[in-house]
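The values are calculated or read from the model by the stated rules, or taken from the named source; none is laboratory data. A quick note: this is a predicted structure, and the numbers were derived from the prediction, not measured. Cβ placement follows ideal geometry from the backbone for every residue including glycine, while neighbour counts extend to all protein chains displayed. Heads up: the accessible areas ignore ligands, DNA and RNA and are worked out on the full protein's heavy atoms, side chains in. Shrake-Rupley method; radii C 1.70, N 1.55, O 1.52, S 1.80 Å.
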Amino acid sequence: MSDITLSAGVRQNLLSLQNTADLLGQTQNRLATGKKVNSALDNPTNFFTSQGLQSRANDLTNLLDGIGNAIKTLEAADNGIKAITKLVESAQSTVR
């Protein structure tokens, strides 16, 4: 084995490069996911706030889908009632 001796300046530069590589990886992860905080290790408060807001957004999306379905059902019922009304009016005019 050969012993490698690093001067304090070289050691500090290597540590700085490692920190830069770590920050670059973190930035690439944020860009890839679109999230500023991806784990509780990044920032616990923001992470759990984000999780709660994401859950709430999912709940609201589900409610919006349900409302959309209800609107379509009401529109179909309205069209059915209009058709029945026309049929009744036609029958009334035939009777007259």
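One table, with the values for the structure above:
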item	result
Cleavage-rule hits, trypsin sites (Lys or Arg not before Pro), region 1-76, DSSP coil, Cβ neighbours within 10 Å at most 15	Lys35, Lys36
Top of Gln54, Gln12, Gln26 by mean-square fluctuation, Gaussian network on the chain, Cα under 10 Å	Gln12
Nearest 10 degrees, 0 to 90: helix 44-95 Cα axis against the chain principal axis	10 degrees
Share of carbon and sulfur in the accessible heavy-atom surface of the chain [1.4 Å probe, %]	60 percent
Gain on full stretching of the segment that runs from Asp59 to Ile84 - 0.36 nm per residue minus C-alpha separation	5.2 nm
Viscosity 1.567 mPa s, 4 °C: Kirkwood-radius Stokes-Einstein D of region 44-95 over Cα pairs, µm²/s	90 µm²/s
At q = 0.16, 0.22 Å⁻¹, base-10 log of I(q)/I(0) for region 15-61 (Debye sum, equal scatterers on each alpha carbon)	-0.54, -0.81
Calculated FRET efficiency for the pair Ile67/Val95, C-beta based, R₀ 35 Å, to 0.05	0.25
Simple spin-label estimate for Asp22 and Asn38 in nanometres, 7 Å along Cα-Cβ	1.5 nm
FRET E, pair Arg30, Ala76, Förster distance 41 Å, beta-carbon r, rounded to 0.05	0.35
Alpha-carbon centroid distance for the pair region 46-62 / region 74-92, whole angstrom	43 Å
Among [x] 27, 15, 10; [y] 32, 16, 12; [z] 71, 13, 8, the entry that matches semi-axes √(5λ) of the Cα gyration tensor in Å as calculated here	[z]
